[in-house]
Amino acid sequence: MEETFMNMQPIIDPTVVHVFYRELLWVTAVIVGIGLFLGFSWWFYQFLSDNNLKAYRFTNFGDFLRFIRVRAFLPGKTVHSGRRVLWWGLGILWLVDGILQAQPAMPNDGFVEDVLAPAIQGQPIWYVRVLAVNIQFWTDHPIGSDVVAVILQIGIGLLLLVGKERTAGKIGIWLSIAWGLAIWVFGEGMGGILTGSTTSLTGAPGSALFYVIGAILLLLPDKWWLEGNAIRTSRWIFSTFWLMAGMVQAWPSAGFWTSKGLSRVFKGAASMPQPSWMSAPIDAMARLAASHPVFWNGWFVLFMFLLGIGFAVGGPTRPILTLSLVWLAFTWWMGQDFGVMGGVGTDPNSSPVLALLIITLWKLGRVRSASKRSQNTSLHDISILSHGPTESGQG
């Protein structure tokens, strides 16, 4: 989440933690049982209606289980390699988010005080009221709310990983979009875009929004990817994002040209409980930003503008990929503190999911280039077969 770092150690009540994990275990067992029963019933219905008893000629129960696995989870067709990267990446990230949401601090006061409450700072009054409703609900029902959040996020991750193009995967995509939007609006405060002082260095406009973008891309048919529409759309998405991020970073009223304004971007991350080898470079960056804010903010703005122009002009080339990943690695450490420090991080923040989307775009570009080369080679071979060898080739 964007700018949720707090310089405090969350207070953890062992009794609350015990009750939370007990409830999480029971609810998980019930959901798994219901899911297995409904899933088996549906697959068995399909099995009978498709007359597969004759078609597959099962000799034992293992053959039947393999049939269920193929029909329910394995892709029904060969999918684009970029889609496979995105399926796996989003699935793993959602699993990580669910595990982080199960940290002992979450059902205690740590989640409300260090994650939800900071998102209110600088927001318009009408939006503060919206966020306050969620904070009050989570304060009144901390254990139940956290159990639901953990199960949803781990469930989404599992559905994306095992379902892929099948029904289970599609359910995971729609849940990812719905839950991602809920997190972005009620948990991340829309990444702080309404405050006027947010920055992509700390994860704006919020990691959940990038989860939603990735899920929407997976909803698009494989044909849409193979025809090059996905790569063109993704290029303009990234170009627009980097250019707008640069404009926000350069906006005078945001305060990033001042010593206090730029250094606070890094001071919050440096103050989190963590090993010294992780905090020392962030602290050094905060001191540099405080000493030379115009110099460093100028470089940050220039780098983001270069990335925006690069995606618009060059597309997903290797140099653009390399520069993007270097920048995202820098912001993930210096501005976002890897998103998980202090025991209250609910996700790895925006840089990892942005890197996933950019790598997906790069894979799209490679496949597209290989397809064009293959088509050109095929046309050349057809031309030779139709017209015969050239005079120079006749020897």
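The values are calculated or read from the model by the stated rules, or taken from the named source; none is laboratory data. Treat the numbers as computed from the prediction; the structure is a model and nothing was measured. In this analysis, Cβ positions are derived from the backbone assuming ideal geometry, glycine residues included, and neighbour counts consider all displayed protein chains. The protein model used for the area step is the full one, side chains on, heavy atoms only, and it has no ligands, DNA or RNA in it. Shrake-Rupley method; radii C 1.70, N 1.55, O 1.52, S 1.80 Å.
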*asked:* Whether any residue in segment 287-295 is among the aromatic types (Phe, Trp, Tyr) and at pLDDT 95 or above is what I want to check.
replied: yes
*Extreme residue, most open to solvent (accessible area, probe 1.4 Å), among residues of segment 303-324 that are under 20 Å from the mean Cα position of the chain (by Cα) and among the polar types (S, T, N, Q)*: THR322
*If you check GLY268 against the conditions, is it out of contact with any Asp or Glu (no Cβ under 6 Å at 6 or more places or on another chain), farther than 20 Å from LEU323 by Cβ and open to solvent by 20 Å² or more (accessible area, probe 1.4 Å)?*
yes
*Condition test on ALA168, is it buried (at least 23 other Cβ atoms within 10 Å of the Cβ), touching a residue at least 60 places away in the same chain (Cβ under 8 Å), touching a Phe, Trp or Tyr at 6+ places or on another chain (Cβ under 9 Å) and within 26 Å of ARG84 (Cβ to Cβ)?*
no
*Which numbered condition THR59 fails, given (1) β-branched (Val, Ile, Thr); (2) open to solvent by less than 60 Å² (accessible area, probe 1.4 Å); (3) modelled with pLDDT under 80; (4) over 17 Å from ILE216 (Cα atoms)*: (2)
*Among PHE295, PHE300, which is open to solvent by 80 Å² or more (accessible area, probe 1.4 Å), of a type in the set (Phe, Trp, Tyr) and more than 30 Å from GLY228 (Cα to Cα)?*
PHE295
*Can you tell me which residue within segment 136-164, out of those that are among the hydrophobic types (A, V, I, L, M, F, W, C) and surrounded by 21 or more Cβ atoms within 10 Å (Cβ to Cβ), is nearest to ARG84 (Cα to Cα)?*
LEU160
*Give the residue that is nearest to PRO107 (Cα to Cα), with candidates limited to residues of segment 124-135 that are surrounded by 15 or more Cβ atoms within 10 Å (Cβ to Cβ) and not hydrophobic (A, V, I, L, M, F, W, C).*
ASN134
*Inspect segment 219-241 for any residue being open to solvent by less than 30 Å² (accessible area, probe 1.4 Å) and over 29 Å from TRP88 (Cα atoms) and give the result as yes or no.*
no
*asked:* Would you confirm whether or not segment 200-208 contains a residue that is among the β-branched types (Val, Ile, Thr), open to solvent by less than 40 Å² (accessible area, probe 1.4 Å) and in contact with an Asp or Glu (Cβ under 9 Å, 6 or more places away or on another chain)?
replied: yes
_From the options TRP257, TRP327, TRP332, residue that is closer than 16 Å to ALA245 by Cβ, part of a loop (DSSP other than H, G, I, E, B) and either modelled with pLDDT of 90 or more or open to solvent by 60 Å² or more (accessible area, probe 1.4 Å) (or both)_ = TRP257
*Name the residues in segment 173-198 that are among the polar types (S, T, N, Q) and modelled with pLDDT under 95, would you?*
THR195, SER197, THR198
*What tally of residues in segment 282-337 results from selecting those that are without any contact (Cβ under 8 Å) to a residue 24 or more places away in the chain and at positive phi?*
0
*Out of segment 76-114, which residues are under 18 Å from the mean Cα position of the chain (by Cα) and hydrophobic (A, V, I, L, M, F, W, C)?*
VAL85, LEU86, TRP87, TRP88, LEU90, ILE92, LEU93, TRP94, LEU95, VAL96, ILE99, LEU100
